1. Taking Trp32 and the conditions (1) of a type outside the set (A, V, I, L, M); (2) in contact with a Pro (Cβ under 8 Å, 6 or more places away or on another chain); (3) farther than 14 Å from Val7 by Cβ, which numbered condition does it fall short on, given that it satisfies the others?
2. What are the residues in segment 28-46 that are under 15 Å from the mean Cα position of the chain (by Cα) and either exposed (fewer than 15 other Cβ atoms within 10 Å of the Cβ) or modelled with pLDDT of 95 or more (or both), if any?
3. I need the full set of residues from segment 1-12 which are over 19 Å from Arg36 (Cβ atoms) and either free of Cβ contacts under 8 Å to residues at least 12 places away in the same chain or touching a strand residue (DSSP E or B) at 6+ places or on another chain (Cβ under 8 Å) (or both), in order please.
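The values are calculated or read from the model by the stated rules, or taken from the named source; none is laboratory data. Everything numeric in this text was worked out from a predicted model, so none of it was measured. Cβ: placed from backbone, ideal geometry, glycine included. Neighbour counts: every protein chain shown.
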Amino acid sequence: MFEHVSVKSPRTGRILVVRDVHAALTLLTEQWSKNRTEKHAAACEACRSAIAGTISNPKARIAFVEAAQEVHILVEERTGPQMIAQAIEHKISSHEPNKQP
């Protein structure tokens, strides 16, 4: 298991939540687009190594995220503190002082 990664399915465009190296490897090998670059190969190898126990799951996750970013399927999420900061920023930038007649 690792911290989930949300991606758009290369085939359907649906949002997929990837929670472990097995799911990441399945996506990389069975659903990836034909655009298989060095980052794709590195992500596959990292996932296989994590399954074998030779690297950590977080390292495999990083390789998967980099491959997903490269082909523009990574879905950036804004949750928790990011959402609060964004809401505060929006409120401050859209605030207009009370106008008096």
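1. The failed condition is (3).
2. Matches in segment 28-46: Leu28, Lys39, His40, Ala43.
3. Residues satisfying the conditions are His4, Ser6.
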